[in-house]
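Reviewing the structure listed below.
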Amino acid sequence: MKKVVYLDNNATTKVAPEVFEAMRPYFTERYGNPSSMHSFGGSVAREVSAARRSLAELLGASPQEIVYTSGGTESDSTAILSALATNPGRREIVATRVEHPAVLNLCKHLARTKGYIVRWLSVDKDGMLDMNEVRNKISDETALVSVMWANNETGVIFPIDEIAEIAQEHGALMHTDAVQVVGKIPIKVSESNINFLALSGHKLHAPKGIGALYIKKGTRFSPFVIGGHQESDRRGGTENVPGIVGLGAAAALARKNLVEENTRVRQLRDRLQKALLERIPACRVNGHLERRLPNTLSIGFEYVEGEAILMRMDEKGICASSGSACTSGSLEPSHVLRAMGVPFTAVHGSIRFSLSRFSTEEEIEFVVRELPGIIEFLRSISPFGRDALSAICTVH
Ligand SMILES: *Cc1c(COP(=O)(O)O)cnc(C)c1O
């Protein structure tokens, strides 16, 4: 495999070597079922508990408030469906227009098939919420407020604690999709009115297929996956033990590396941003410059197709994402950038770079060297053949 410069960490991350090593014995030697009566299984149950404590510590929660799931999507579904099931008298959901599909499409589905009313929150040109609109849309009819903690495309961070307080004043439950913030910014859920918080292992250097849902003590709960008595009857099914152990190890590492994430990684991101803005004409950063995750840079290059940029970068081994949801052969521009009112000419040429603590200065310098030439070339041959675009358009 050729060497890659991996700058797509908001899509998924590498499993940290320490995480992999922590998981290994749970495939090969310690493969017991934590529910078994024998000590072979019992010792595994203790590791599952230790991992739960580690994750709880990262969130500022207590271990009993953590339920393991298969990932961010299941955690979001569990929280949203539980909030509605336990609040049958209320028929309204408040959510932002820039949620991840895990929330966005479930809310649309609930509106279409179950008659819920979704009150959508808009964002401004910087990708920020209008708190007056938040106050106006949350009411005593609201069953659930679902607002992501930070946006996966732009990295913009929302004032979740403040929104959770407003939700509580109206007796609504508060859910936040925190998949992009866990491990990147400090979190202390015990000091907030958040009822549900979703996270995903593979966004913080644990494997794919493991995640967790924080459920605040005292929150009414209705399970999504019903089966055995695992997870104190809150999520049936034999535990994904290696995944859980991996998530616990990743949480411990995230705590240790939180400072680095906000210093070295942020500096690398800022270096990339500054150099690209200096060297490439007609480009702009998408999203608020300050209220933003330290690892994310969404940048719109006008008059170029994002997919063409991605293809050219891919030839150089650079991995990033475009601002288009490249599904079913159509180049739908990103719902996030559209909601921000990013001009048409820049939406299509938007690229998201997302770094991690494994990103290096050399990698950033490589992108800074290669990208200006790519953009210049693509602009010189524009309009780029649309057939070539659709040919590289695969699900991502
Ligand atoms: C990746 C992601 C998810 C989905 O998590 P999975 O574990 O892949 O299901 C949900 N929300 C956000 C913001 C994400 O970035």
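The values are calculated or read from the model by the stated rules, or taken from the named source; none is laboratory data. Small disclaimer: the values here were computed from a predicted structure and weren't measured. Using ideal geometry, Cβ is built from the backbone for each residue, glycine included, and neighbour counts are taken over all protein chains shown. These area figures cover heavy atoms from the full protein model, side chains too; ligands, DNA and RNA do not enter into them. Shrake-Rupley method; radii C 1.70, N 1.55, O 1.52, S 1.80 Å.
Specify the residue that is farthest from the chain's Cα centre (by Cα); the eligible residues are those in the range 198-231 that are buried (at least 17 other Cβ atoms within 10 Å of the Cβ) and at positive phi. Among residues in the range 198-231 that are buried (at least 17 other Cβ atoms within 10 Å of the Cβ) and at positive phi, the one farthest from the chain's Cα centre (by Cα) is GLU231. Scanning the range 17-53 for residues that are hydroxyl-bearing (Ser, Thr, Tyr) and in contact with a Lys or Arg (Cβ under 8 Å, 6 or more places away or on another chain) yields a total of 1.
If the condition is being open to solvent by 10 Å² or more (accessible area, probe 1.4 Å) and β-branched (Val, Ile, Thr), then the range 79-125 contributes THR86, THR113, ILE117, VAL118, VAL123.
Tell me, please, whether a residue that is surrounded by 15 or more Cβ atoms within 10 Å (Cβ to Cβ), under 24 Å from ARG220 (Cα atoms) and either in contact with a Cys (Cβ under 8 Å, 6 or more places away or on another chain) or not assigned by TED's automatic domain parsing to the domain that holds VAL241 (or both) can be found in the range 55-65. No, that holds for no residue.
For the range 230-287, which helices (runs of 4 or more DSSP H) that fit wholly inside it have 1 or more residues that are within 20 Å of GLU153 (Cβ to Cβ)? Output list reads 241-262, 264-279. Against the definition (open to solvent by less than 30 Å² (accessible area, probe 1.4 Å) and within 16 Å of the ligand (Cβ to nearest atom)), how does VAL48 come out, yes or no? Taking the combined requirement at face value, the residue does not satisfy it.
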